[in-house]
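Here's the structure we're looking at; comments come further down.
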Amino acid sequence: MRGKRGAAAAATAALPEQQAVHARLEKSARPDVLYATGVMRAYLRASLPLQSLRLLAGLLPRAPRLLATSFSLSVALQACGSAAAPVSVGAALHARALRSGFAAADLFVRTALVEMYAKAGRVDLARDAFDEAPLRDVFLCNVMLAAYVSRSEVAEARKVFDGMPMRDLVSWNTMIHGYAMRGEVGLAREIFDGTEDRDAFSWSSMISAYAKSRRSKEALELWREMHAASIIPDCITLVSVVSACSDLGALAVGAEANSWEGVAEMRKTIRRDNIQRIPGRSSIEWDEKIHEFVSGDRLHPRSKEIYRVLEEMMDRLKQAGYKPMTGLVLQDIDEQSKERSLAEHSEKLAIAFALLTTPARSTIRITKNLRACEDCHSAMKLISLVYDRKLIVRDRNRFHHFSEGQCSCKDYW
Ligand SMILES: [Zn+2]
Ligand SMILES: [Zn+2]
């Protein structure tokens, strides 16, 4: 995971160059397919899949060969999945893949197909694409595992897992995470114990599982074991461990004080490293366009109206009992600014936009590139109640279906 994030950061740094190539390609009468694929991939790695799709749509009429290689086709499919493009867009690419024969023959394309359908929320179509694969490697199986886990269908995931001829750390971690999210601590522990070469993700998933089930002693024990095993948590892992451990507030006193100084240390590390290297992005489809928001975003043409609705929304939520979880904000700023910063999280802006533009009582669908924070999660539960709306939110980990004040994840995510 760490490698992937590092790659995203590096890709973002290299982007100006890619954007210059993008501009040249747009002007060119016969755009170079290889360059175009390179830029599409760079956008994807920098978590900008929409840019990738825009480039594709812009060039395809002049460069029909742009989808003629299995590499470019798999990049396009990945972009569809990451951008949460309507399933019809991905299905059209699937049809193209079938015509060209790539889908059957190429594992990259096949894996991208399964992932695209899974991310579009069509785990059934993902499974069809998985079953049709002439051969399966560990990457393809991992994508199918993750698809089931993201919908909390861990029993199905387990069947795939049990049938895998070879597994890697990602397979084991996905299962630990899947069971942990459902609160099936015993099964999570079974997989955890069977995992060789555990990494920070394995440990933090298991610690969170204990913490969320209020089995604080075991969480703490495991946390100590993790230290003893010299596992250095990465930034995102740190956040989940700290938030899990903060549930164990009662233990902060007395004999455990030494360990809890460790938590204070962690918080300092998080601040120093300025963890949010990848900005959170929430997107929503409206009027046949994808509208994307980052935290504190004021770039949208209807920004003024969005913020007006946001203020109203936060007021109504407070009246209904919402309390901002300012403890989640790690910057050294005053309470009011912390509240402000939480209110302007990208998913709340996307919801305000939805409330502004969509008919009363219609379902709101949002995609978030990172894990939703606890404050947004509890706000969304309340929004579903106060505004009588269903919300379907896909975050980095899973789908959340909010309705009547509850979420389908039962607060495990
Ligand atoms: Zn949030
Ligand atoms: Zn949820």
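No lab work stands behind these numbers, since they all come straight from the coordinates. For clarity, every value in this text was computed on a predicted model and none was experimentally measured. Cβ atoms come from the backbone with ideal geometry, glycine included; neighbour counts cover every protein chain shown.
Would you mind checking which residues have amide H under 5 Å from Asp297's amide H? H placed 1.01 Å from N; only 5 or more apart, or other chain.
Distant-sequence amide H within range of Asp297: zero hits.
How big is the dipole moment of the stretch 1-135 about its Cα centre under a simple scheme where the beta carbon of each Lys and Arg is +1, that of each Asp and Glu is -1, and everything else is neutral? Debye, nearest 20, please.
Numbers: 17 positive and 9 negative charges, 75 e Å.
About 360 debye.
Quickly rank 344-354, 127-137 as a protection proxy: mean count of other C-beta atoms within 10 Å, highest first. Mind showing how you got there, number by number?
Values: 344-354: 24.9, 127-137: 15.4.
Descending packing order for the listed peptides: 344-354, 127-137.
Under the 0.36 nm per residue contour assumption, what length would be gained going from the current alpha-carbon distance of Ile232 and Arg30 to full extension?
67.8 nm
Quick check: residue separation of Ser362 and Ser88 times 0.36 nm, minus the Cα distance between them. What number comes out in nm?
Numbers: separation 274, 0.36 × 274 = 98.64 nm, distance 2.10 nm.
This chain segment gains 96.5 nm when fully extended.
Just grab the label-to-label distance for Arg96 and Asp137, each label 7 Å out from Cα along the Cβ direction, in nm (one decimal).
According to this spin-label approximation, the distance is 2.3 nm.
Please list the non-local residues whose amide H lies under 5 Å from the amide H of Ile364, H modeled 1.01 Å from N, same-chain partners needing a gap of 5 or more.
Lys390, Leu391, Ile392
Nearest 5 is fine: what % of DSSP beta bridges in the stretch 317-413 come out antiparallel, could you say?
Around 60 percent of the beta bridges assigned by DSSP in the stretch 317-413 are antiparallel ones.
Quick one: net charge around Met181, please, counting Lys, Arg +1 and Asp, Glu -1 for every other residue with C-beta under 13 Å from its C-beta.
Values: positive: Arg151, Arg182, Lys212, Arg371, Arg396, Arg398, Lys410; negative: Glu153, Glu184, Asp395, Asp411.
Overall, the nearby charge balance is +3.
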